[in-house]
Amino acid sequence: MLRFLTAGESHGQALVVIVEGLPAGLDVTVEDIQSELSRRRLGFGRGPRQRFEQDDVTLLGGVRHGRTLGSPVAIEIKNTEWFRSDKWHEEMSPAPGSTKAPLTRVRPGHADLPGMQKYGFTDARDVLERASARETAARVAAGTLAKLLLRTIDVEILSHVIQMGSVRSDAPRPTITDLPAVDESPVRCFDRGAAERMVAEVESAAKDGDSLGGIVEVLGYGVPVGLGSHVHWDRKLDALLAQAIMSIQAVKGVEIGDGFEVAGRRGSSAHDAVRWDSDSKEYVRDTTLAGGTEGGISNGGLLVVRAAMKPLATLNKPSLPTVDVVTKDAGVSFKERTDVTAVPAMGVVAETMVALVLAAEAQRKFGGDSIVEFVRNAKNAS
């Protein structure tokens, strides 16, 4: 069973991820991982940290001569900012000691206060360093392996931004051949006109020292029939996808297919009609209202998952009313370096989480200790 575990803090020495359950013989390089990590850094509205912090990737175990060994794969992503600045050596030192500047004016909408209350901390940095979306770099590294595994059975995943602030795209859905065009957009939007309006919206928010949220759509092409199951609540594919997407920092809503829209329709217009294609010898659905899943099982259609990201809780012009947890005095929340929006980058992370879920379920269904066996089993099942 494919699973992964991440460790590390935003300004610590490194992030680490261990991925277990990959079959032997999967082609993997550091360049594959760095390429995906560079996509995570895309997007108009990102903060200065993206310009000077690089993702320095090391494969620590589980890969030999460019191929997985079937053992756990360990990946380290060094924090180049930590190595450049003595500040973080002191602030994030694992050795006994204390900080000279505790953060006590918590940020509404962030994990600061509930995390401090849960663990008994008096310094928000004890929470925010792990709660930071920097952790998603480790997920993207793990998701690269999942994408490579899925590619061996012709499954491809991409994302695009369909809404930024109040601007919504009406463009047709991109296919995998359109991914370069999506990534070339400053906001990763396939609709050029909407992208220009999104950029203007980001510029307006930046001028006000504010932040913006939005919606991304993740598309899974070539997903085989039968991933997930109806037999247990925790085996349902759509439920697994929803949990994975909701685990991304600042995501507050998930939609499979046209879930929210069809809730207001009558049943006669809320479902995907089924027909038999005599040429392909397959059951076909010409619409994606259900998003490629029925009864918790993939149905062979296009997988459609949407993620809604709230505006970031850290503002460039702090104005959110809060309380100092030590003095209990009213004030405004503290400021860390932040983005105006991270919606384009969140789309890449959402791809990662979808890939990890699909790869885990593909491994569960097809099995195989080697890539040869995995691909053979998948081909025989189709």
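Rule-based calculations on the coordinates, nothing more; no lab input. Given the structure is predicted, the values throughout are model-derived calculations rather than measurements. Neighbour counts are summed over all protein chains in view; Cβ atoms, including those assigned to glycine, are modelled from backbone coordinates with ideal geometry.
Here are a few things to note about the model shown:
- Compared with the dominant principal axis of the Cα atoms in the chain, helix 371-381 is inclined by about 50°.
- Cα Rg, Dmax (largest Cα-Cα span) when computed across region 45-201, Å: 20.3, 56
- Seen against the Cα atoms of the chain and their longest principal axis, helix 192-207 is set at about 20 degrees.
- Based on C-alpha pairs under 8 angstrom that are at least 6 apart in sequence, region 280-382 has a relative contact order of 14 percent.
- Three-way shape label, region 215-265, alpha-carbon gyration tensor, a/c 1.5: rounded
- If you plug the beta carbon distance of LYS252 and LEU320 into 1/(1 + (r/R0)^6) with R0 = 25 Å, you get a FRET efficiency near 0.90.
- Each Lys or Arg adds one and each Asp or Glu takes one away; over the other residues whose Cβ falls under 11 Å from the Cβ of VAL223, this sums to -3.
- In this structure, LEU60 and TRP233 have a Cβ-Cβ separation that, at R0 = 30 Å, corresponds to a calculated FRET efficiency of about 0.25.
- Cα shape, region 301-345, gyration tensor, a/c 1.5 rule: prolate
- Local charge for ALA355 was computed over the other residues whose Cβ lies under 12 Å away, with Lys and Arg +1 and Asp and Glu -1, and equals -1.
- Rh (Kirkwood; distinct C-alpha pairs) - the chain, Å: 22.1
- Helix 30-40 axis, angle to the chain major axis (alpha carbon atoms, nearest 10°): 70
- Three-way shape label, region 184-256, alpha-carbon gyration tensor, a/c 1.5: oblate
- With the biggest extent put first, the Cα atoms of region 212-358 measure 71, 33, 29 Å across the principal axes.
- By average C-beta atoms within 10 angstrom, highest first, the peptides 10-16, 78-84: 10-16, 78-84
- Mean-position separation - Cα centroids, region 145-196 and region 59-88, in angstrom: 28
- Relative packing of 205-215, 270-280, 151-161, which averages over residues the other C-beta atoms within 10 Å, highest first: 151-161, 205-215, 270-280
- Legend: distances between Cα atoms for LYS78/LYS236; LYS310/LYS379; LYS236/LYS310; LYS118/LYS207; pairs beyond 30 Å are LYS78/LYS236; LYS310/LYS379; LYS118/LYS207.
- Listed by chain and number, the aspartates and glutamates whose alpha-carbon sits under 19 Å from that of LYS365, ignoring those within fewer than 8 places in the same chain, are GLU20, ASP154, GLU156, ASP234, ASP238, GLU294, GLU373.
- Span from the region 1-38 Cα centroid across to the region 214-271 one, whole angstrom: 25
- Per-peptide packing, taken as the mean over residues of other Cβ atoms within 10 Å, places 251-262, 87-98 in the sequence 251-262, 87-98 from highest down.
- Over region 146-200: Kirkwood hydrodynamic radius from C-alpha pairwise inverse distances, Å: 12.0
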